[in-house]
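Participant: This is the structure, below, for whatever I ask next.
Every read-out reported here was derived from the displayed coordinates using simple, explicitly stated rules and does not represent laboratory data. Note that the coordinates shown come from a computational prediction; the quantities given were computed from them, not determined experimentally. A quick note on method: Cβ atoms are made from the backbone with ideal geometry, for glycine too, and the neighbour counts reach across all protein chains shown.
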Amino acid sequence: MARDSRYDVLFEPVKIGPVTARNRFYQAPHCNGMGRTFPSSMAAMRGVKAEGGWAVVSTEQIDIHPSSDFTPATECRLWSDRDIPYLARMCDAVHEHGALASAELVHNGKWAGNLYSREVPLFPSHMPVPTHNFPLQARAMNKADIRAYRRWHLDAVKRAKKAGFDIICCYAAHNLSLAGMFMLPRYNFRSDEYGGSLENRVRLFREIIEDTKEAVGDTMGVVVRFAVDELRGADGIEAHKEGREIIEMLAELPDLWDVNVAEWHNDSMTSRFADEGYQEHFIEFVKQVTTKPVVAVGRYTTPDRMVSLVNRGVVDMIGAARPSIADPFLPKKIEEGRIEDIRECIGCNICVAWDNMIAPMRCTQNPTKSEEWRRGWHPERIAPRAVDGMLLVVGAGPAGLEAALAAGRRGHDVILADAAAELGGRVTRESRLPGLAAWARVRDYRTYQISQMANVEVYKSSLLDADQILEFGAAHVAIATGARWRRDGYGRQHQFPIAGTDGDNLLTPDDIMAGTSPRGSVLVYDDDHYYMGSVIAEQLVADGCQVTLVTPDARVASWTDYSLEQHRIQTRLLELGVDIVTSHELQEITDDSAAVSCVYSGKSRLLAVSSVVMVTSRLPDDSLYQELAATPDRLRAAGIETFKPIGDCHGPATIAAAVYEGHRFARELGEPVDEIPFRREITELAPGFELP
């Protein structure tokens, strides 16, 4: 299929100093939970993006010295030449597909707790280390420390060149860069030439850039990554004040400007709190003050929006982290005129959450993410079927849709049946809740792809019982009937039913999503700690209820710290007038009240409420599976060779987990599966080990 000519501008080359990007697609640096700990996985993941058409493929942050030890995070590292080989592997994977490899070099200053190296953290001024509220402080750097820091950065530049990188990124963004922190008055109390005036505070970053430019000469491009606004108002850098002044001071030094907002929770806002391109009004001035090309991110998935950015002179390159995770082949699909095949990022930050949990990232839209090397899964290629026979998938939620799609791509004849009149299961229901509309992309991508496949038939409003499944004539059956929210309160805090949960005034999120709308005062009890409790509270406020949210945790939706949302969630609830009661558990529900008690003191109190919405845990809707699994003779007699539960029916979890399970089922159908079904990298023992 030919590319639409209006997208031609996106495939023009861009010079970045002495190197040239083949198009305008720039995979911005992003963490991934693999790094130096799982380097082959990291390299393969980056290589797939290069194959998918990204002209520049960047690393995550690479810490440059033991005084910038970011343990336990699994980022990259360039402390010595021994760190070069695994980064060279990434460069090779990127170069194999004609892309440029970029290295983001970082010293994290006060954020580096140095848990492994045990060095005293470094900072412009004396300052407590904020990470996890560690009981230690960073010390103020003296002149010798500053000279050493410049030398460490320069050594890392030279090592990156040896590894094969084409671009060096000098980093001053997200409030994570030592040189960037020197610029901030709230951190820099120095009275020497590195403190006081803005010119003095920018001096160290200027020196780092100049050192880098001198070291690489005309062999590598030099990018500056800088946050023009911290969204702190007068307490931080503002785009129209010091942010602009800093760009003007350094305007022609780098070969490309990579601009964004700080901190990370601002730069990577979820779709619940920010639309595509929300950073534009912060960064649109940059091209007015520099002749160098500019790249910026904004969770861009819409090609027309990308073209508009370039044509309006806002940016020269389209930066992306999360969209490149959701669809590593996004550029190639635009280039080949396959816009409808793009897996659009839904902005849920599951990728961010798993990296924050120090684990290989995953993606709700892209179940192959982090499995490129581990399992050999490619986002666009899948092996032909290994067995014959029709596949019946019962349930068209995220697991069922993905199983049907992936199996159909393998060449299976697939029947997908769902009891509801609308496909999507929980994705459809949840996407109608406040702020979650973008999540419907999980359904929309799959239903469109399936609609183009002659070998996949879809039956809506088709509630199948056990006998009908046995009579279907399918050789393979996947049960993807989902899960339901519990009514009895059983969850993390309660291992016994809560008294009064059998009353008519007890509701669950399923009831709210089905259209039940209580009136008056409603208590939302959140022992789930992810998004559901807070979005249900928002929905109830919109329905006119007076809402109290009670949670046994110390904060609302505490797990969303990992997805960078917790502060915004709690702020929004307070702005909506929700009464928040933390560190309290629900004891008993009556017709007109709920008894709650402090999880520390045990002191109880009554809250006057007319209804309670229980958000604790879920139970698999697996009765159909259990009925058939209990009679294996009937399965064999019906010719059913494969019979498995998948998704929430197998184990309630995230939508990302359900999509992954559906994909895994299709990949493994008819294939031999080892007890450990993926490759591992095992740490090599150092030679000459001796006990002291």
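Participant: If you take the Cα Rg of segment 5-356 and divide it by 2.2 N^0.38 Å, with N the number of residues, what do you get?
Facilitator: Numbers: Rg = 18.9 Å, N = 352, 2.2 N^0.38 = 20.4 Å.
Its radius of gyration relative to the 2.2 N^0.38 Å reference: 0.92.
Participant: Return the percentage of antiparallel bridges among DSSP beta bridges fully within the chain, rounded to the nearest 5 %.
Facilitator: On the way: 18 of 86 bridges.
Here the share of antiparallel DSSP bridges comes out near 20 percent.
Participant: What span do the alpha-carbon atoms of the chain cover on each of the three principal axes, reported in whole Å from largest to smallest?
Facilitator: 77, 65, 62
Participant: Quote the charge dipole size of segment 394-456 about the Cα centre in Debye, to the nearest 20; the model charges only the Cβ of Lys and Arg (+1) and of Asp and Glu (-1). If you can, show how the numbers build up before the last one.
Facilitator: On the way: 8 positive and 6 negative charges, 33 e Å.
Using Cβ point charges on Lys, Arg, Asp and Glu, segment 394-456 gives about 160 debye.
Participant: Name the long-range amide H neighbours of C363: under 5 Å, sequence gap of 5 or more, or other chain; modelled H, no Pro or chain starts.
Facilitator: Long-range HN contacts for C363: K369.
Participant: Ok, one more. How much of the DSSP beta bridge set in segment 5-356 is antiparallel, as a percent to the nearest 5? Numbers along the way, then the final one.
Facilitator: Numbers: 5 of 41 bridges.
In segment 5-356, DSSP labels about 10 percent of beta bridges as antiparallel.
Participant: Whole Å is fine, so just give me how far the alpha carbon centre of segment 59-114 lies from that of segment 504-538.
Facilitator: Using only Cα atoms, the two centres lie 45 Å from each other.
Participant: Also, I was wondering about something else. Where Rh is the Kirkwood radius over the Cα pairs of segment 51-186, the temperature 10 °C and the viscosity 1.306 mPa s, what D in µm²/s does Stokes-Einstein return?
Facilitator: Details: Rh = 15.4 Å.
Calculated translational D: 103 µm²/s.
Participant: Same structure, new question: Across segment 334-345, in residue order, what do the Karplus-derived ³J(HN,Hα) couplings come to in whole Hz, using 6.51 cos²θ - 1.76 cosθ + 1.60 with θ = phi - 60° and x for Gly and Pro?
Facilitator: Karplus-based 3J(HN,Hα) across segment 334-345 equals 5, 4, 8, x, 10, 4, 5, 8, 6, 8, 6, 4 Hz.
Participant: Would you grab the residues whose amide H sits under 5 Å from the one on V458? Only those 5+ places off in sequence or on another chain, please, with H modelled 1.01 Å from N.
Facilitator: L416
Participant: For segment 317-389 and segment 19-44, what is the separation of their C-alpha centers, rounded to whole Å?
Facilitator: 13
Participant: Further, regarding this structure: Could you go through segment 38-45 in sequence order and give the Karplus-derived ³J(HN,Hα) for each residue, using 6.51 cos²θ - 1.76 cosθ + 1.60 with θ = phi - 60°, rounded to whole Hz, and x for Gly and Pro?
Facilitator: Calculated HN-Hα couplings, in order: 10, x, 5, 5, 4, 5, 5, 4 Hz.
Participant: How long are the three semi-axes of the equivalent ellipsoid for segment 485-619, computed from the Cα gyration tensor as the root of 5 times each eigenvalue, in whole Å, largest first?
Facilitator: Values: eigenvalues 74, 61, 42 Å².
Ellipsoid semi-axes (Å, largest first): 19, 18, 15.
Participant: Looking at the square roots a ≥ b ≥ c of the eigenvalues of the Cα gyration tensor of segment 334-385, which shape do they give, rounded for a/c under 1.5, prolate if a/b is larger than b/c, or oblate?
Facilitator: Details: a/c = 2.94, a/b = 1.30, b/c = 2.27.
Taking the square roots of the gyration eigenvalues as a ≥ b ≥ c, segment 334-385 is oblate.
Participant: Could you pull out the pairs from K15/K110; K241/K369; K143/K292; K110/K603; K49/K162; K162/K333 whose alpha carbons sit more than 29 Å apart here? Before the final figure, lay out each step's value.
Facilitator: Details: K15/K110 35 Å; K241/K369 40 Å; K143/K292 32 Å; K110/K603 40 Å; K49/K162 22 Å; K162/K333 33 Å.
As for pairs spanning more than 29 Å Cα to Cα, those are K15/K110; K241/K369; K143/K292; K110/K603; K162/K333.
Participant: At 1.002 mPa s and 20 °C, plugging the Kirkwood radius over alpha-carbon pairs of segment 309-407 into Stokes-Einstein gives what diffusion coefficient in µm²/s? Working shown, then result.
Facilitator: Working: Rh = 15.8 Å.
It comes out at roughly 136 µm²/s.
Participant: Okay, next question. May I ask for the percentage of alpha-carbon pairs in segment 105-172 that lie more than 20 Å from each other?
Facilitator: Details: 843 of 2278 pairs.
Roughly 37 percent, rounded to a whole number.
Participant: Between segment 224-262 and segment 439-472, what's the alpha-carbon centroid distance in Å?
Facilitator: 49
Participant: Mind checking segment 280-363 for trypsin sites (Lys or Arg not before Pro) that DSSP puts in a loop (not H, G, I, E or B) and that have at most 16 other Cβ atoms within 10 Å? Display every interim value, and only then the final one.
Facilitator: Working: sites: K287, R299, R305, R312, K332, K333, R338, R343, R362; in loops: R299, R312, R338, R343, R362.
Sparse-neighbourhood loop trypsin sites (Lys or Arg not before Pro): R312, R338.
Participant: Which far-off residues, 5 or more places away or on another chain, put their amide H under 5 Å from the one on E104, with H placed in the peptide plane?
Facilitator: Answer set, sorted by chain and number: T59, I62, C169.
Participant: Hey, what do the phi angles of segment 205-210 turn into as Karplus ³J(HN,Hα) couplings, whole Hz, using 6.51/-1.76/1.60 and θ = phi - 60°, x for Gly and Pro?
Facilitator: These are the phi-based 3J(HN,Hα) values: 5, 4, 5, 4, 5, 5 Hz.
Participant: Excluding residues on the same chain fewer than 8 positions from K161, give the lysines whose Cα lies under 18 Å from its Cα.
Facilitator: K213
Participant: Could you tell me which of G491, S611, V522 has its Cα farthest along the dipole of segment 485-619 towards the positive end, charges placed at Cβ (Lys, Arg +1; Asp, Glu -1), taken about the Cα centre?
Facilitator: After comparing all options, I get G491.
Participant: With a cap of 11 neighbouring Cβ atoms within 10 Å, and only residues DSSP puts in a loop, list the chymotrypsin sites (Phe, Trp or Tyr not before Pro) found in segment 607-692. Let's see the in-between values first.
Facilitator: Working: sites: Y625, F643, Y660, F665, F678, F689; in loops: F678, F689.
Answer in residue order: F689.
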